[in-house]
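The values are calculated or read from the model by the stated rules, or taken from the named source; none is laboratory data. Model, not experiment: these values are computed from the prediction. Here the Cβ is made from the backbone with ideal geometry for all residues, glycine too, and neighbour counts use every protein chain on show.
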Amino acid sequence: MKSYAVILADNAEEDIERIGEYIAQTDSAQRARRVVLGIRDAVNELKELPERGRYVGEILNMGTRDYREVFNGPYRIIYRVTEDAVVVHLIADGRRDMRTLLMRRLLQA
């Protein structure tokens, strides 16, 4: 089975840090660590079978199948699969206005 390199775009790394900071401030540092570790585990699991993620509905309607997503709780991990790597572009709480966030972030990628 092929193994892919997993690359976090700078914005995706910042997303994880912001999520952890927000949870630490609004809940607890222990819960923040647990959530961040869960997200990082889900990202690392993309090394094997990244195609298992579904296409991102908000941009699928625009005719692009370039991006896929997997979930970790309410968090959507949005990525692109290349020949030998998985590039994670966005990690966000799916309860946000995802259409605007996706358009702003992914159209710039």
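When R33 is tested against the conditions (1) touching a Leu at 6+ places or on another chain (Cβ under 9 Å); (2) more than 19 Å from R105 (Cβ to Cβ), the lone failure is (1).
Within region 5-19, residues that are in contact (Cβ under 8 Å) with a residue 12 or more places away in the chain have Cβ atoms under 8 Å from residues that are of a type in the set (S, T, Y) in these pairs: I19/Y75, counting only partners at least 6 apart in sequence or on another chain.
Applying the set (1) modelled with pLDDT of 85 or more; (2) in contact with a helix residue (DSSP H, G or I) (Cβ under 9 Å, 6 or more places away or on another chain) to Y55 leaves exactly one unmet item: (2). Just to verify a result, which residue in region 1-28, among those that are part of a loop (DSSP other than H, G, I, E, B) and of a type in the set (A, V, I, L, M), is nearest to A85 (Cα to Cα)? Filtering first and then ranking leaves A9. Contact annotation: residue pairs with Cβ atoms under 9 Å, 6 or more positions apart or on different chains, pairing a residue in region 28-51 that is within 14 Å of I77 (Cβ to Cβ) with a partner that is among the polar types (S, T, N, Q), are V35/N72; G38/N72; I39/N72; D41/N72; A42/N72; V43/N72; K47/S3.
Okay, residues lined up against (1) assigned to a strand (DSSP E or B); (2) in contact with a helix residue (DSSP H, G or I) (Cβ under 9 Å, 6 or more places away or on another chain); (3) of a type in the set (S, T, N, Q):
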position: G38; (1), (2), (3): no, no, no
position: V43; (1), (2), (3): no, yes, no
position: E51; (1), (2), (3): no, no, no
position: R76; (1), (2), (3): yes, yes, no
position: Y79; (1), (2), (3): yes, yes, no
position: E83; (1), (2), (3): no, no, no
position: V86; (1), (2), (3): yes, yes, no
position: I91; (1), (2), (3): yes, yes, no
position: T100; (1), (2), (3): no, no, yes
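Against the condition in contact with a strand residue (DSSP E or B) (Cβ under 8 Å, 6 or more places away or on another chain) and closer than 19 Å to L106 by Cα, how does A42 come out, does it pass? Spelling it out, it is not the case that A42 is in contact with a strand residue (DSSP E or B) (Cβ under 8 Å, 6 or more places away or on another chain) and closer than 19 Å to L106 by Cα.
If the condition is being closer than 18 Å to L90 by Cβ, surrounded by 11 or more Cβ atoms within 10 Å (Cβ to Cβ) and not basic (K, R), then region 24-43 contributes V35, V36, G38, I39, A42, V43.
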